[in-house]
Structures are given as structure tokens and as C-alpha cells.
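Right, one structure below, let's go through it.
The values are calculated or read from the model by the stated rules, or taken from the named source; none is laboratory data. Fair warning: this is a prediction, and the values are worked out from it, not measured in the lab. Neighbour counts run over all protein chains shown; Cβ positions are idealised from the backbone, glycine included.
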Amino acid sequence: MSKYLIKCRACGAQQATPKPIPACPACGAGWLDAVYEYGRFQPANGQSDTSWPHTLQKYGISLWRYRDLLPVQNHANIVSMGEGWTPLLHAQNLGLMLGHKHIYIKDERQGPTGSFKDRQAAIAVSAMKEAGITEAVVASTGNVAIAYSAYCARAGIKLWVFVPSSVPVEKMREMALYGSEVIKVAATYDQTKVIATEFATSKNIFLDRGIKGIAAKEGMKTVAFEIAEQLGMVKAGADPSIPNGDQHPWQVPDWFLQSVSGGLGPVGVMKGFSELKQMGLVSKLPKLGLFQPSGCAPMVHSFHKGLAKAEGVDEPMTDIITLATGQPGQAYEVLYELIQQYGGTFASVTDGEAFRALRVVAEMDGISVEPATAVTFAGLFKLIREGVIQPDETVVVNCSGHTFPVEKQIIGEHFTRDMAVTDEEDTSEQRSEGLLTALEELDSRVQRIAIIEDNPDSARLIRRILQAQGDFHIDEAHDGKSGLQLIQQNQPNLVILDLMMPGIDGFSVVEAVKKDKRLSHIPIIVVTAKELSAIERARLNGKIKALLQKGTFMDSDLLNDIRQALP
């Protein structure tokens, strides 16, 4: 007996089937979903030790801990490389910069091939193995093909991969390394999908149907299961890296954010949250923040026109190839309905904004992401600046993959400094002196900045922004009195100053510096959380170079003001 039924989105017909099917037998429609008997996962007679979260503990740490709600009948058919249970990271520095304390990153870079497509591949390839499929076809812009190639190699399934020629050759090489047959098509991704379908039909080979099929959405829903389980632990003060979801209530964020191409990720994630709600584990579904590059944003444009069906883009104009899907099809209709029901929005960002966000995330929180994820972070910045996401709301960002490739748009050509140290016939003492001289020469080019800030988190954020530039010497003081002494002693090139500090406040520091002839030339940038009155603004008028409000400025805002202030 099958543990799930296949339901047609178009006509609602349900049936059990042991093998993947291409369309609904009743009406011929292609969008199919798996549905389960959710009532059997609820606690028996109110006993918590019979609840679904409690039974998960016996399955270990991977997405297969949720196997009772996944479409693989026989556990012996599971093809796994430890995918799932990726970290839920608190974006502390980004949160400080944006004035939002509750931003979390679901770090899907930790998958076996470095992206959240490992979830899809694990479920899909396991289902193929169970169905006795030995050869398959998939179309992809990169990550799906790499993940499927790895898992098919493990399962002994021959894979034909069709990719548009715009996919980086390094990605194609990785697919081939796993033994896949890689077919490079000189066309758009939408055209590539058509060719892959024609090939599979002509050769009678199984075609992976992506979002319309069962496995892909089932893989992605495990992201929702993990978020709810981990967020519940985070909110309770427990360690989210150690599964014990039966000890704490599961929780849903206010927002789930992701960039979209075909829309599989958020469609699957929302299915997961919906199933948790049906089982009584959570009480709501999140709002969706969905983003596309402005050069290929058919969903965004259609949404803001109020269209329930998407208008396509014939010629995508973006360097972010993984998001260059011009014809979103039925996925948009599903996402449109979800946003109408649960809230949220679509937004577009430029490639430049995405590459900028990529660098900010790496510099602020040490997380290097793929360009598609950078689009998500750029969208996060945009929605926060526009006031769409409120400061008290909990946000989870799907960090869908690791940086690939490291493009010139991100860091440019010149990201190192040269330092020559000769050792010809040097004694160890001479060599030490030579190294010291070289380091002093390196340091002589550095301008000195003093940070005077009593809040350790704010001081750390400002220091991190400066350190990411690599060309400032930074001194710190944590109250007005020691800050003024620091300025008098070191005479820095610039002061970054908080206003509200114990003892001598920032206003008094500004006035003391400007009265001292030796110091009056030093520019001051004020960074404060305080809403200034007219009298307070008058005290600063003409004495400072810039005024920035904490939680509202980006790192680029601070750096631009610094560049303008420095001689």
C-alpha cells in the first residue's frame, strides 16, 4: 500500500501509483502533488511521545529524518550523501547594519554539491531507483545538473544533461566528471528545456519534470520542516545544530525570502509549511519575498501588473544565468495564489545590486554566496529600506548555494597588495629588520580612524565595515572621556562617534575637539540611534561631516561618507 497519493492540481483527482507518471490519468494535466494522511502524525490521546517530532529522533540528522512524509516507499532505495539539516545562522552583523535583529540564513551551501538542489536530487534519484529507472534526462542552468549528476553516479543511473551554452564551462566540467553526458545547447534555457523533452521522448528515456513532478517539490519542502524545527529551538535558546524538535514548539518565520527562476524552491517550501499546519505543528504560513534580476523578471512584472498568469520574457538580459528563465509558466500562478493568501511580494534588483550584496554578505557575516542568492540579499535590503519588512519581524533567507564562479564584477582584478622581502645573504637579524621595514611601509599608507562607541555590537559592525576595505588603521574607545583622550593622543585622520555614551557624551566630544586648535581639522562622522531634536542638530551644525542613523545605513553609505571626509 502506498503511503501517499498523487493529486492533480487541475482536477483534484487522487490515485496511488508505484512509479513516477508524466501527467494526470484523469485529465492529462501535468502538475502533480503528493498528499499524505496527515492525521496519523498527530499525538495519540495527547501523548507527546507519540507525536511526529518525537519519532524523528530515531532517523538521525539529514533530510531523511522526515522520511515518513517523503515519496520513497522502501528505505533501502534511499540514495543519500548526508544532505539536509543545514545550519540556520543568525545574521548578526547584517542585522545590526539593517536595524533588524531577527534575520536568519538557511545555509544550503553545506549540501554535498554546494546547493539546495541536493535535496531535490536526493529525493528524485531515490524515486528513480525505486522505480527501476536506469537512464534519465534533465535540463538545467547548472546546480540541478551538478546535483543530479552526483546522485545518479551514486545510484548507477546514466544521466543526460542539457544546458544552455551560457552556463560556465567549469560547471559543465563538473557534470562530466560525474560521468554525465553533457549536451551544450546554443539557446536560452527555455529552448533548452524543449530540446531535452524532445530528446527524452524520441529515445524513450525518463525525463525529470522538475517542479511539475512529485520529487522536486517534496525535496524542497524539507527546507520548511528544518526551518520550523530549528527556529523553534533558536527561539527557546537551544542549539539548532542538534535536533531535538520534540522538546520545543516548532515556529514559522514571518518572511521566507528567495530568488526565483522556475519557482520550485518557494513552492516546495510553502507546501512543507502547509503540511506542518495540517498536522497542527504550526499555526501559520510565512509571507513570501521573491526576487528576480531586472534583466529577466517576468514574475515580478506580471505580479505588479496584477496578472494571475505570467507574461514571458523572450530575451533574458542578465549575467546571473541560473535565474534567466523567461517563461515561468504555471509556477507563477501557484506563487501568485500563495502571496494573495498569505502575503508577500515580488521585487526585482539589478545585477549590479546583486553583486554588491554578494560582497556585503561576505564582508559582514563571512558567508560567500552564489549570484542567485545575492539577488535574494539585494531584495532583502530593498524590502527593508522600503519598509515592507518591519524591524520586529523574523526573516529567513534561503542561501541556496555557494559562490560560483568568483566573477570579476565582485572583487575586480586588484585585491592583493605586493610586498617584497629579499633574503640575499641576510642574517636572521637583517631578515627580521627587512620584514619589519616592509610591514612599516605597508602600514604607512594606512589612514587612521578612531571609533568612539559604547555599544560593543555597533563598534564591531563599524570596525568590520572598515576592515573589509583593508586600508584603515582602527583605534577604539568605549566612552566619551577615553575617546577624547584617544583623539588627543593619536590625532586620527577621522573620528566615527556615537552621541549617547556614559560620562562625557558625543556632543561634548565634538565641541571639545572643535575648540582644540590641534584637533579642530579632524573630520567627525556621527553614527547614532538617537532621534535628534532641533536643538541637538543645532549643536552639531557645522561641526561634523555626516550624520548616519543606526540600523538604516548600508556599509556603502558609511564608506562614501568616509571617503568624502578623509583628506
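When LYS271, LYS287 are checked against the criterion of being of a type in the set (Lys, Arg) and over 19 Å from TRP85 (Cα atoms), a single residue qualifies: LYS287. Any idea which residue in segment 465-495 is surrounded by the most Cβ atoms within 10 Å (Cβ to Cβ), counting only those that are farther than 16 Å from LYS543 by Cβ and either in contact with a His (Cβ under 6 Å, 6 or more places away or on another chain) or among the β-branched types (Val, Ile, Thr) (or both)? Looking at residues that are farther than 16 Å from LYS543 by Cβ and either in contact with a His (Cβ under 6 Å, 6 or more places away or on another chain) or among the β-branched types (Val, Ile, Thr) (or both), I get ILE465.
Flag not set for SER294, criterion: farther than 21 Å from LEU63 by Cα, touching a strand residue (DSSP E or B) at 6+ places or on another chain (Cβ under 9 Å) and buried (at least 21 other Cβ atoms within 10 Å of the Cβ).
Here is a yes/no grid of residues against (1) modelled with pLDDT of 85 or more; (2) polar (S, T, N, Q); (3) within 16 Å of ARG209 (Cα to Cα):
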position	(1), (2), (3)
GLN14	yes, yes, no
LYS19	no, no, yes
ALA23	yes, no, yes
ARG40	no, no, no
THR50	no, yes, no
PRO53	yes, no, no
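Taking the criterion of being surrounded by 16 or more Cβ atoms within 10 Å (Cβ to Cβ), in a strand (DSSP E or B) and modelled with pLDDT under 95, the residues of segment 177-210 that qualify are VAL182, ILE183, VAL185. Assigned to a helix (DSSP H, G or I), under 30 Å from ILE103 (Cα atoms) and out of contact with any His (no Cβ under 7 Å at 6 or more places or on another chain): is that true of VAL223 in this structure? In short, yes. Any residue at all in segment 268-276 that's over 20 Å from ARG119 (Cβ atoms) and among the β-branched types (Val, Ile, Thr)? Checking segment 268-276: not a single residue is over 20 Å from ARG119 (Cβ atoms) and among the β-branched types (Val, Ile, Thr). Scanning segment 231-256 for residues that are within 18 Å of GLY268 (Cα to Cα) and touching a Pro at 6+ places or on another chain (Cβ under 7 Å) returns VAL252, PRO253, ASP254, TRP255, PHE256. If you go through segment 349-359 and keep only what is of a type outside the set (Asp, Glu), surrounded by fewer than 24 Cβ atoms within 10 Å (Cβ to Cβ) and modelled with pLDDT of 90 or more, you end up with THR350, GLY352, PHE355, ARG356. Tell me which residues, restricted to segment 367-381, are out of contact with any Phe, Trp or Tyr (no Cβ under 8 Å at 6 or more places or on another chain), in a helix (DSSP H, G or I) and not aromatic (Phe, Trp, Tyr). ALA372, THR373, LEU380 - these are the residues of segment 367-381 that are out of contact with any Phe, Trp or Tyr (no Cβ under 8 Å at 6 or more places or on another chain), in a helix (DSSP H, G or I) and not aromatic (Phe, Trp, Tyr).
Here's the yes/no breakdown for (1) more than 29 Å from LEU358 (Cβ to Cβ); (2) acidic (Asp, Glu); (3) buried (at least 16 other Cβ atoms within 10 Å of the Cβ):
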{"position": "LEU497", "(1), (2), (3)": "yes, no, yes"}
{"position": "ILE522", "(1), (2), (3)": "yes, no, yes"}
{"position": "GLU536", "(1), (2), (3)": "yes, yes, no"}
{"position": "SER556", "(1), (2), (3)": "no, no, no"}
{"position": "ASN560", "(1), (2), (3)": "no, no, no"}
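Mind checking whether some residue in segment 358-374 is closer than 22 Å to MET270 by Cα, touching a Lys or Arg at 6+ places or on another chain (Cβ under 9 Å) and in contact (Cβ under 8 Å) with a residue 12 or more places away in the chain? The answer is yes; a qualifying residue exists.
Among the residues of segment 245-265, those identified as touching a helix residue (DSSP H, G or I) at 6+ places or on another chain (Cβ under 7 Å) and either under 14 Å from LEU338 (Cα atoms) or of a type in the set (S, T, N, Q) (or both) are GLN251, PHE256, LEU257, GLN258, SER259, SER261, GLY263, LEU264, GLY265.
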